[in-house]
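The values are calculated or read from the model by the stated rules, or taken from the named source; none is laboratory data. Bear in mind that the values here come from a model prediction, so they are computed numbers and not experimental data. Here the Cβ is made from the backbone with ideal geometry for all residues, glycine too, and neighbour counts use every protein chain on show.
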Amino acid sequence: MNKTLQDINRRLNSLNSLGLDVSHESKSLSDLGNRLQVLAINGIVLASKVSGDRGHSLVTLTSLISKLPNEINPILKNIRTDSMDLAKDVTNCKIRFKKFSQYSRAIDILLKGENHNSLDLKSLYSDNFTESQGLNPVISSLAKKSSIVYEIILMLLKDSDTRLFQLSHSIKTLNSLIKRIHYMNLSITIESSALKEEGKKFNGLIEKVSELMNFLEQHAKILIKDIESGFVLLEKINNRRIIV
Amino acid sequence: MKSEIIFEQDDYYWVAIGRDKHKNEGLVDTNEYLIVAGNEGFLLDPGGLEIFPEVLNEVAKYIHPKDIRGLFASHQDPDIASSLPLWVELNPDITVYTPWLWAGFLSHFAMGVELSFVGIPDNGMEQQIGSSGKSIYFVPAHYCHSSGNFSLYDPTADIFFSGDMGGALVPDMDYNLFVENFSSHIQYMEGFHKRWMPSKSALLDWVNRVRAINPSMMAPQHGSIFKGEDIERYLRWLEGLEVSVWNNESEKTNIMGEPWMKWKR
Ligand SMILES: [Fe+2]
Ligand SMILES: [Fe+2]
């Protein structure tokens, strides 16, 4: 394999493991929405026992949180689907790439023509050879295959590009949801701290929600980093020129 | 990789391709055969994906790949058929012949290429090479070693392509293309046959078929080609060979010492 191909192959491998990383990362988030919902429902029960205006606003806040998993779950599902599709695309691309590199190696060997005693390299390009005599048609047909396969790679990479965009969009939405939950959690903290003994009952809920959101935030950061390096890899693969 | 014409009569010839010195060390060495009839070709067991560039290079010395009419995959093994999609993509007019049993399985090698097969029925069949008027015959070799497996006989050249039968894992890539000393060649065939051949009765049936054909040359997919009397020597050696064996003595004496029983210790 020549250096350019090796380089592309290396980047494809990185992109492949990146897709798998993202998919793995998103798997660990899959039941997060449900966990949040259980917490919020417990919160509603607690809030309903608090009397007066305070109790009323606490019920409103906790029930708002309890509704958010309905928004979080589809986003997490999208992230999982997109990242799995990304890994699948790149694997497909790897298979086609293997084919491409075998064609490219065939062209190298044919052009070297080390065993073609009767044909020297120059004669390959002369027009004196008829179709069935010269190797020229073999090489040009292989080169055509190579470039077709290369186009397939580019096409697949374009798909990967779209998926990466979708992923980064999902994560942005996820981040704004996390912010909203953080804000509501803060409001519950303020409302409940105004209550005396009764308010302490909310501490566990507040702590757990913020733990969950920090966990989600952390993973979203990792995903964003992965996606950014995915874009860089795609850029590098796209910028390579293949000379056969 | 080398290639050599092993039979030639007017514009009809057989080329043996193999002994690849530059191939990856982990790859088992294989022989590929090209039959050329006029300006039409038929390729037998085209080999693995890894050696496609080298095999193509040798084939291109004799014939334009677009003139290959048929491709025969004697059975499903990767050393035989994993290059199929590259040949077919290069020349979509190629017809691929393979045991009907394996057609659906070989499609797993497709790499995104549309593969279609002519499934050879269990009892074998006759096939013409392009429009040459010359016929070749697919001869049943089931369980030798694969459960769906064919040898091939070419009456024009009187050559019998035996696939893995007669195969040998030769010590180096300068080893002779034709068997020169049968008794000393045995050491390279013995392990291969004992382990890869699963059925003695299938093997004896196949021996009968070869004797009925009585070819003057027998060309295997690994190792060296047999000529004349060496074919009968090989068949007799085969009749006396115990096959489908592996060294499982330890299992009989101490089952608890086996690696697969470690969980119980
Ligand atoms: Fe085999
Ligand atoms: Fe084999």
Practice task
Inspect the stretch A:152-174 for any residue being away from every other protein chain (no Cβ under 14 Å), outside any helix (DSSP H, G or I) and either closer than 30 Å to A:Met213 by Cβ or at pLDDT below 75 (or both) and give the result as yes or no.
Solution key: no
Exercise for the section: Of the conditions (1) exposed (fewer than 12 other Cβ atoms within 10 Å of the Cβ); (2) modelled with pLDDT under 90, A:His219 clears all except one; give me its number. Expected result: (1)
Exercise for the section: Inspect all residues belonging to the stretch B:172-185 and state whether any of them is within 16 Å of ligand 2 (Cβ to nearest atom), surrounded by 16 or more Cβ atoms within 10 Å (Cβ to Cβ) and either more than 14 Å from chain A (Cβ to nearest Cβ) or hydroxyl-bearing (Ser, Thr, Tyr) (or both). Expected result: no
Exercise for the section: Return yes or no: is B:Asp29 in a loop (DSSP other than H, G, I, E, B) and within 14 Å of chain A (Cβ to nearest Cβ)? Expected result: no
Exercise for the section: Would you check if A:Val45 is part of a helix (DSSP H, G or I) and either crowded, with 16+ Cβ neighbours inside 10 Å or modelled with pLDDT of 90 or more (or both)? Expected result: yes
Handout entry: Of the criteria (1) more than 21 Å from A:Thr91 (Cβ to Cβ); (2) surrounded by 13 or more Cβ atoms within 10 Å (Cβ to Cβ); (3) under 27 Å from the mean Cα position of the chain (by Cα), which one A:Asn34 fails
Key = (2)
Handout entry: The lone exception for A:Arg240 - which of (1) modelled with pLDDT of 85 or more; (2) surrounded by 13 or more Cβ atoms within 10 Å (Cβ to Cβ); (3) not aromatic (Phe, Trp, Tyr) it fails
Key = (1)
Handout entry: Among residues of the stretch B:4-25, those that are at pLDDT below 95 and either within 16 Å of ligand 1 (Cβ to nearest atom) or in contact with a helix residue (DSSP H, G or I) (Cβ under 9 Å, 6 or more places away or on another chain) (or both), counted
Key = 4
Exercise for the section: Go through the stretch B:29-45 and give me each residue that's within 18 Å of the chain's Cα centre (by Cα) and at pLDDT below 95. Expected result: none
Handout entry: Criterion violated by B:Arg195 - all others in (1) in a loop (DSSP other than H, G, I, E, B); (2) under 16 Å from B:His145 (Cβ atoms) satisfied
Key = (1)
Fill in the blank from the handout: Counted residues in the stretch A:20-39 being touching a Lys or Arg at 6+ places or on another chain (Cβ under 8 Å) and in a helix (DSSP H, G or I) come to 4
Practice task
Please state which one of B:Lys66, B:Lys23 is closer than 16 Å to A:Val138 by Cα and surrounded by fewer than 21 Cβ atoms within 10 Å (Cβ to Cβ).
Solution key: B:Lys66
Handout entry: Failed item, numbered, when B:Leu71 is tested on (1) touching a strand residue (DSSP E or B) at 6+ places or on another chain (Cβ under 9 Å); (2) within 16 Å of ligand 1 (Cβ to nearest atom); (3) closer than 23 Å to A:Ser146 by Cβ; (4) not aromatic (Phe, Trp, Tyr)
Key = (2)
Problem - Any hit, the stretch B:205-214, residues being touching a residue at least 24 places away in the same chain (Cβ under 8 Å), touching a Leu at 6+ places or on another chain (Cβ under 9 Å), within 16 Å of ligand 1 (Cβ to nearest atom) and at negative phi - result: yes
Problem - Selection count, the stretch B:201-244, where residues are surrounded by fewer than 17 Cβ atoms within 10 Å (Cβ to Cβ) and in contact with a His (Cβ under 7 Å, 6 or more places away or on another chain) - result: 1
Handout entry: All positions within the stretch B:129-164 that are of a type in the set (Phe, Trp, Tyr) and either touching a helix residue (DSSP H, G or I) at 6+ places or on another chain (Cβ under 8 Å) or in contact (Cβ under 8 Å) with a residue 40 or more places away in the chain (or both)
Key = B:Phe138, B:Tyr143, B:Phe150, B:Tyr153, B:Phe160, B:Phe161
Fill in the blank from the handout: In the stretch A:191-206, anything surrounded by 12 or more Cβ atoms within 10 Å (Cβ to Cβ) and part of a helix (DSSP H, G or I) is listed as A:Glu191, A:Ser192, A:Ser193, A:Glu198, A:Gly199, A:Asn203, A:Gly204, A:Leu205, A:Ile206
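Okay, residues lined up against (1) surrounded by fewer than 17 Cβ atoms within 10 Å (Cβ to Cβ); (2) more than 16 Å from ligand 2 (Cβ to nearest atom):
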{"position": "B:Gln9", "(1), (2)": "yes, yes"}
{"position": "B:Val15", "(1), (2)": "no, yes"}
{"position": "B:Thr30", "(1), (2)": "no, no"}
{"position": "B:Glu40", "(1), (2)": "no, yes"}
{"position": "B:Pro46", "(1), (2)": "no, no"}
{"position": "B:Leu49", "(1), (2)": "no, no"}
{"position": "B:Pro53", "(1), (2)": "no, yes"}
{"position": "B:Val59", "(1), (2)": "no, yes"}
{"position": "B:His75", "(1), (2)": "no, no"}
